[in-house]
1. Residues to consider are 66, 47; find the one that is open to solvent by 20 Å² or more (accessible area, probe 1.4 Å) and of a type outside the set (Val, Ile, Thr).
2. Filter the stretch 252-282 down to the residues that are open to solvent by 10 Å² or more (accessible area, probe 1.4 Å), under 19 Å from the mean Cα position of the chain (by Cα) and modelled with pLDDT under 95 and list them by number.
3. Can you tell me which residue among 469, 447 is open to solvent by less than 10 Å² (accessible area, probe 1.4 Å) and either outside the structural domain of residue 380 (by the TED database) or at pLDDT below 90 (or both)?
4. Have a look at 195, 156, 190 and point out the one that is touching a residue at least 24 places away in the same chain (Cβ under 8 Å), in the same structural domain as residue 242 (by the TED database), in a helix (DSSP H, G or I) and open to solvent by 40 Å² or more (accessible area, probe 1.4 Å).
5. Can you find, within the stretch 159-187, the residue that is nearest to residue 127 (Cα to Cα) among those that are among the aromatic types (Phe, Trp, Tyr) and in a helix (DSSP H, G or I)?
6. Would you pick out the residues in the stretch 43-85 that are part of a helix (DSSP H, G or I), of a type in the set (Ser, Thr, Tyr), more than 23 Å from residue 154 (Cα to Cα) and out of contact with any Leu (no Cβ under 9 Å at 6 or more places or on another chain)?
7. Quick check: anything in the stretch 334-352 part of a helix (DSSP H, G or I), at pLDDT below 85 and not assigned by the TED database to the domain that holds residue 72?
8. Within the stretch 404-449, which residues are of a type in the set (Phe, Trp, Tyr) and either without any contact (Cβ under 8 Å) to a residue 40 or more places away in the chain or more than 16 Å from residue 350 (Cα to Cα) (or both)?
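The values are calculated or read from the model by the stated rules, or taken from the named source; none is laboratory data. Given the structure is predicted, the values throughout are model-derived calculations rather than measurements. Note: ideal-geometry Cβ built from the backbone for every residue, glycine included; neighbour counts use all protein chains shown. We work out accessible area using only protein heavy atoms, side chains counted, and drop any ligands, DNA or RNA first. Shrake-Rupley method; radii C 1.70, N 1.55, O 1.52, S 1.80 Å.
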Amino acid sequence: MESNDYHATNLSTVLLVDEERGEEDFGSDSEKERIGIDEILTVYTGEFGKWQKIHFVLTSLAWALEALHTMVMIFTDQEPFTSTPNICDVEPSFRNWSQGSGSSTVSEFGLVCGKKYQVGLVQSMFFAGCMIGSGIFGHLSDSFMGRKGCLTVVSLMNFMFGFLTAFSQQYWVYCLLRFLTGISTGGVGLCAFVLATEPIGPSKRGQAGMSTFYFFSMGFIIVAGMGYVCQSSWRLLYVVTSIPSLLFLLFVLPFISESPRWYLVKGKLSETMVVMNAIARTNGKPDIPARVIPHMDNDDDDDDYEEINQKNTTAKVSFTILDVIRSPVTRWRLILAVAINFMCSIVYYGLSLNVINLKTNIYFSVVLNSLAEIPAYMLTTCLLGTFGRKPLTIGSLWLSGVFCIAGSLMGTTGKMKMVCGMLGIFGISGTYNLLFVYTTELFPTVVRNTALGCISQASQMGAILAPIVVLMGETLPFQVFGLCGIVGGIIAFYLPETKDKPLYDTIAGMEFKV
């Protein structure tokens with residue numbers, strides 16, 4: 001509070017001096033004010049004004065697209081009803097499916113009986129693609145492509161591969177295209193999340209970050225509606241779930257800005273200030289005084305503007321996961337975060353896909369699961385500022401674990417298992433959402449997306465295993481999900497709290513101040 005009061009007073013002084021002396025007197029190095037992006041957002045532009053709200057909504061729409069491409073498999077790969085007795089003893093051409101063989105990949109490609117494992121295989125291949133894409137685009141978005149550049153590429157790839165999937169004539173072609181769709185989908189969420197939250201001030205960033213997943217839930221509900229309308233054709237469902245990616249690419253991305261933090265760490269001070277001044281103007285604030293210089297946490301306070309610009313331009317511009325591993329601070333955080341995200345992903349995607357085992361209406365169950373996520377986001381958002389990241393992560397993991405264990409004790413009662421699954425989704429959704437906020441705060445700007453990409457790879461590895469776990473029957477999956485939730489909560493005890501801590505720019509700056 002003392003720092004904010006000082007800068008508020010300083011801002012008033014600057015504005016008075018500007019009126020009396022004119023801007024030409026701000027040129028001397030002695031009057032330069034070197035402050036970080038967080039301080040500029042707090043003092044000069046506003047932390048979450050009109051600019052940030054519009055930018056946040058536009059960018060977060062990408063999460064709905066990720067939900068469409070991910071959860072479409074629940075409906076395209078479901079086993080439809082059949083009136084054919086002893087279906088395994090009947091030739092594929094004589095099997096009678098309730099809505100025709102074209103309603104599902106299972107009925108069209110004959111993925112039943114001895115080939116039932118291929119349903120889980122294609123879903124696991126999608127998540128394997130996501131795992132690869134998370135690593136690739138996590139690195140590229142930290143290096144030369146930037147956050148917006150990567151989001152543009154993955155949106156285009158999502159449309160192309162998702163659309164082409166609808167024309168698959170063979171199972172293995174279908175697998176390949178789902179794998180390629182997964183590669184692009186793996187980069188959507190992490191690029192969108194970081195791009196949406198980096199221009200937001202420190203006191204609002206956590207709550208805003210938690211709100212990104214409302215868009216994922218919205219996409220989850222939309223894909224259930226699309227699935228209901230397109231019940232007779234899995235091919236048509238892939239077409240209608242791919243078109244929104246093209247619309248996002250053409251009509252939304254042009255209005256999204258690159259992250260000012262990415263500009264800063266790349267030595268692009270002019271571009272940084274262009275974005276920061278745009279934020280100030282849109283938020284109804286005056287332009288940032290010329291005396292203010294964006295300052296990274298490894299800059300020397302004695303450097304002048306030209307020296308800082310030269311140092312940032314000639315500095316290492318591409319950091320890799322090896323840089324994260326070399327630092328003892330970030331290495332330990334990475335190991336813990338990878339383990340927790342792996343456990344969390346098994347539970348989240350496992351419960352989402354497990355609706356096929358509940359013996360209830362699949363469309364109704366998916367919508368209920370989606371709706372269960374929304375109050376979880378609301379509750380964790382409200383509690384985030386009070387309890388912090390660490391206690392909420394532990395609590396939500398254990399909550400989900402307990403209800404999953406309870407679900408395993410419910411026998412074959414579909415409705416009771418559905419209730420336990422909903423409550424499990426409620427807990428794990430809060431965790432899954434919170435971990436994105438937590439991860440962005442655990443790592444500095446120069447490797448933030450790289451680390452997030454690595455951790456997303458761990459999540460996708462858990463997602464790869466989830467379809468296989470779902471195929472293990474009706475009781476064992478709940479036991480596995482419950483164990484993962486409990487163990488994940490125990491591991492979270494060893495992470496540091498990041499509540500009210502700044503977003504560091506560099507590894508060196510984080511090591512010095514932690």
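1. 47
2. 262
3. On the way: 469 fails: open to solvent by less than 10 Å² (accessible area, probe 1.4 Å).
On inspection, the qualifying residue turns out to be 447.
4. 156
5. It comes out as 179.
6. Of everything in the stretch 43-85, just one residue is part of a helix (DSSP H, G or I), of a type in the set (Ser, Thr, Tyr), more than 23 Å from residue 154 (Cα to Cα) and out of contact with any Leu (no Cβ under 9 Å at 6 or more places or on another chain), namely 45.
7. yes
8. So in the stretch 404-449, the residues of a type in the set (Phe, Trp, Tyr) come out as 426, 432, 436, 438, 443.
Once the filter is applied, which keeps residues that are of a type in the set (Phe, Trp, Tyr) and either without any contact (Cβ under 8 Å) to a residue 40 or more places away in the chain or more than 16 Å from residue 350 (Cα to Cα) (or both), the stretch 404-449 yields 436, 438, 443.
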